Amino acid sequence: MSCIRHSILAFLLAVTAAAAPLPEQFNERLKSVVAVEFFIQAETERQPVTVLGTVIDDAGTVILPGAAIMPNVAPAQLRDFKVYRPGSSESSVAVYLGQDAFTGWHFVRLEEKGRAGLVPVTHWRAAQADPALSDELWGIGLRNKDEDFQPYFLSSRVAMMMKLPQKTVVLGTDVAGPGLPVFNTAGEFAGLAQPSFGQNFLMFSRNQRGNPVVLVNVEESSVVLLASEVLPYLGRVPKSVTGRPIAWFGAYGLQPMDPEVAKLLKLGNQSGVVVSDIMKSSPADESGLQERDIVLAIDGQPLPRLKPDRVVVSYFGQEILRRQPGDTVNLSVLRGTTRVELKLKLGDEPKLVREADRHYFEKLGFTVREFLYNDSILHRTSPGTTEGVMVHFVKPGSAVATAGLRPDDWVREIDGAPIKAYVQALEKLSTIEADKTRAEFVLLVSRAGETQVLRVKLN
Amino acid sequence: MSRGFNRLLDAVVRIDVREIEFNDGAKRITGGVGSGVIISNDGLVLTNAHVVSPQAVEISVTLASLERVNAKLVGWDHWTDLALLRIDLDALKRRKLSFATADFGDSDDLFVGQTVFAVGTPHGLTRTVTRGIISNNNRYFEDSRGVNGYETGAFNTWLQTDAAINPGNSGGPLVTEDGKVVGINSRGYVGADNLGFAIPAKVARTVAATLVKAGAVTRSYGGIGFRELQDLESFYALSANTGVLVANVDVGSPAAKAGLRAGDVVLTLNGRKVDGRFPEQLPPIQQSIASLPVGSALKVGVKRGDQVVELLAVTEKLESRVGEEWAFEKWGLTVRKVSRAYARENQLPETTGVVVLGVQPGYPAAEAGLARGDIITKVGSKTIAELAQFKTLYEAYEAAPEAQLVEAQRNRRISLYVIKP
């Protein structure tokens, strides 16, 4: 008995002995880590953004967390990408490649001369097994720009494992900057730090006695997406800056099925998503899917019971996004009390806000963009109506702002003429803007189902 | 003070109300204080709709003699913020009590700057008189949820006064120096000084006459939201003093069915020219539609671009945005029927369902995950078109409690919940 124990101990010692000391590992693996700075150029503002990224290949490709850029920001607004090495004030130029719909990652690529000395994270041996409870992991944090992105060491132990729906571990304390790799003590790549979870605190002050607040650490994270969920997808570098192709299902407002509901419907441990809204002539509509259907399985694979309940919705969404437009999907659906099998051919995601044509009329003080399929969902009109244009931005204090125009207003008429197409709106507004003798113009806009006539006084 | 004024003082009453409220997942009784004025020898008391509502369970009136008697609600009209009560005359006779009645003055004769007095019970201070002037005798003030969540002010303009009007003044009279009632004090601007509003006596008299006969005012509904043209006449190439702008048309309303659209300019209604250049001109236009018998033909002369067309709508009965409310106490759930106006505001395709007003923590509805604002559309396999259906299903549950599948929507997202005994 004691002999066996002895031999296990010896084996463990051998493994540990093989790994380089942590400070040495830390210095080596710093080469896979960068800080990325860029600007979001809006109509009147230029907002600087700094995020952390991980180098994924020898071509100088870096992935950034999905949350780094708001979904409505057009790629053309993203300017001046610069990449900084930890501890350095020197930067190299990079270009934005786009966002992958499935992983959510944004991809940027360093110019060739800036790639020297970088080591892709794939260079480090990947952990062969998922980390176990209480295993120690470590990672890197970077200070802010004013401190030259000085790197620092973080480590913690695995506190719990979750499926969100990807395999994710939560550690006892923060283990790395969000977007940066995490390693085990053997120096193997264990996963990628995610944006951290909110934590509940009570705030005490002179005026407040224990008010609950949620705090989110934006510099460090204790949440790690495991290597087995990262490595297979590093190749999903967007083919175009739009991130297309993106598979499209066409049902909206998916809601998780409550375990109590599953029990009542005698579905046992089965999970599902309730379909709230189906867009006309979308793939979901054409397959015969109906509102109130409960999707129970996709391609014969039952939807798993995940915690918290709403994760099943992300699971289903990712099952769609990991596929390609044109792929066929089989759905098992509960309709009332009967089970229905549906075959569905995924479509192409309709144009997204970030891809929409838009134009800023500087003198008038607002930006219009084309009316999209997704706008018809929000405005509850039958999709495919391209009538009108959307107001994307209103400059504070401008003529249109004074007249009461607001972002997300839906412009239906300009000077009494119904707007049938985006180009028509552009022409009309350009003419108005160019005409220096113009004293006013009139917009008919819809806002939350109510229509208003706005009179814009110029000069 | 004049003899008339002293007599008026004897006609002003304090009103204490206890009413049912359905806000927090339970039926609760709340109390409130307001004012009123006795307008007839048979004991009719005029007050505000937001002082006494149909949910009142106990109405007590304090006479000028400081004697208290009970009263009953005779009629209610939130659109003009008026309620009519009747004092328990038998009790009065038994107790040998008497009261004075107030006389109406002509609110049309009021001029800006004229001295007026507000009489009432501000903050519970019985028999308070404040003095001011008529600041404006034709104020437009519409509020879609001004009377306890009900719409008000669409069909009348208001008298504005700087006589101090505070909470509790509501329902009391605005009177001239000779004690004639020219308005019913109704509201003040919160956070402002000396901006009080009263319903003109002319409106109050007409509404009171209808309420005493029918208990409610039936109005026609066209579904047109007007907005003042206010120097847009040149843009629409209109001759002077003509037309009112259509700001919105309610989905599915008579006007929508007739083909009226937002951005149209209405020139005539049933052949009569309309003039809606200024906001205070809008209530009379709405009133001209509302006063038609339900089911009337409404010919709308419309200017649309360069064309002038006549559209024909058939009016429907005007409904409030607040539907019937109810408490399902064992579930810790209070609901309100989805009304047509509510459905429209929330862009719901139909009036199916009930809105959750509140849930009580720890009770089955809250435990299931339902929350304020959810719209319950189905219980079990039954679609909830009417509140009565919900009540029946609930009664069945009370008789034999077992888990119920509930379908509810929030922002058009459908979720399923289980309510367990």
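The numbers here are math on the coordinates, done by the rules we state, and not lab data. Keep in mind that this is a model prediction, so the values were computed, not measured. Glycine gets a Cβ as well: all are built from the backbone with ideal geometry, and neighbour counts include every protein chain shown.
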Scalar couplings 3J(HN,Hα) for the stretch A:411-418 by Karplus 6.51 cos²θ - 1.76 cosθ + 1.60 (θ = phi - 60°), nearest whole Hz, x for Gly and Pro, are 7, 9, 9, 10, 6, x, 9, x
Per DSSP helix of 4 or more residues, -39500 (n - 2.57); summed, then divided by the residues of chain A. What does that give at 222 nm, rounded to the nearest 500?
-4500 deg cm²/dmol
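Working from the pairwise distances between different alpha carbons, so that the mean of 1/r is found and then inverted, what is the stretch B:182-333's Kirkwood radius in Å?
After inverting the mean inverse Cα-Cα distance, the result is 17.7 Å.
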Classified through the alpha carbon gyration tensor (a ≥ b ≥ c as square roots of its eigenvalues; rounded if a/c is under 1.5, else prolate when a/b is larger than b/c, else oblate), the stretch A:282-369 comes out prolate
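Going through the stretch A:412-451, which trypsin sites (Lys or Arg not before Pro) have at most 12 other Cβ atoms within 10 Å and a DSSP loop state? Write out the running numbers ahead of the final one.
Working: sites: A:Arg412, A:Lys420, A:Lys428, A:Lys436, A:Arg438, A:Arg447; in loops: A:Lys420, A:Lys436, A:Arg438.
In loop regions of the stretch A:412-451 (DSSP not H, G, I, E or B), the sparsely surrounded trypsin sites (Lys or Arg not before Pro) are A:Lys420, A:Lys436.
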Non-local amide H neighbours of A:Ala176 (under 5 Å, H modeled in plane, Pro and chain starts lacking H): which ones?
A:Ser221
Taking a threshold of 32 Å on the Cα-Cα distance, which of the pairs A:Lys31/A:Lys163; A:Lys420/B:Lys382; B:Lys72/B:Lys330; A:Lys395/B:Lys317 fall above it?
A:Lys420/B:Lys382; A:Lys395/B:Lys317
Per-residue [θ]222 nm for chain B (sum of -39500 (n - 2.57) over DSSP H runs n ≥ 4, rounded to 500)
-4500 deg cm²/dmol
Could you tell me the relative contact order of the stretch A:48-96? Use alpha-carbon pairs under 8 Å, at least six residues apart, and round to a whole percent.
23
Flagged links, alpha-carbon separation over 26 Å, of A:Lys457/B:Lys299; A:Lys266/B:Lys378; A:Lys263/A:Lys307:
A:Lys457/B:Lys299
Whether the stretch A:349-459 is rounded, prolate or oblate, judged on the alpha carbon gyration tensor where a/c under 1.5 counts as rounded
prolate
The distance between the Cα centres of the stretch B:315-388 and the stretch B:125-193, in whole Å, is 33
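Give the peptides B:172-185, A:198-211 in descending order of average Cβ contacts within 10 Å, highest first.
Highest to lowest by the protection proxy: B:172-185, A:198-211.
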May I ask you to sort A:Ser446, B:Ser35 by Cβ crowding, counting other Cβ atoms within 10 Å and putting the fewest first?
A:Ser446, B:Ser35
For the protein assembly as shown, what is the convex hull volume of the alpha-carbon atoms per residue, in Å³?
237
Suppose a student asked you for the relative contact order of the stretch B:90-201, using Cα pairs under 8 Å spaced at least 6 residues apart; what percent would you report?
27
Could you go through the stretch B:255-262 in sequence order and give the Karplus-derived ³J(HN,Hα) for each residue, using 6.51 cos²θ - 1.76 cosθ + 1.60 with θ = phi - 60°, rounded to whole Hz, and x for Gly and Pro?
5, 5, 5, 6, x, 5, 10, 4
For chain B, modelled as a GNM with alpha-carbon contacts under 10 angstrom, which of B:Val302, B:Val52, B:Val119 fluctuates the most?
B:Val302
Give the aspartates and glutamates whose C-alpha is closer than 12 Å to that of B:Lys27, dropping any in the same chain fewer than 8 places away, or say none.
B:Glu19, B:Glu325, B:Glu329
Average other protein chain Cβ within 10 Å of Cβ, residues A:438-451:
3
List the residues whose amide H sits under 5 Å from the amide H of A:Val237, counting only those 5 or more places along or on another chain, with H placed 1.01 Å from N in the peptide plane.
none
For B:Leu269, what residues show an amide H to amide H distance below 5 Å, using hydrogens built from the backbone and excluding near sequence neighbours?
B:Val274, B:Gly301
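In percent, what relative contact order does the stretch A:207-311 have, based on Cα pairs under 8 Å that are 6 or more apart in sequence?
Dividing the mean separation by the residue count of the stretch A:207-311 yields 23 percent.
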Could you work out, residue by residue across B:410-421, how many beta carbons of other chains sit within 10 Å of that residue's beta carbon, and then give the average as an integer?
6
Less than 12 Å apart at the alpha-carbon level, and either on another chain or at least 8 residues along: which aspartates and glutamates does that give for A:Lys343?
A:Asp285, A:Glu286, A:Asp299, A:Asp327
Long-range lysine pairs (8 or more apart or interchain), the stretch B:173-275, Cα under 29 Å:
5
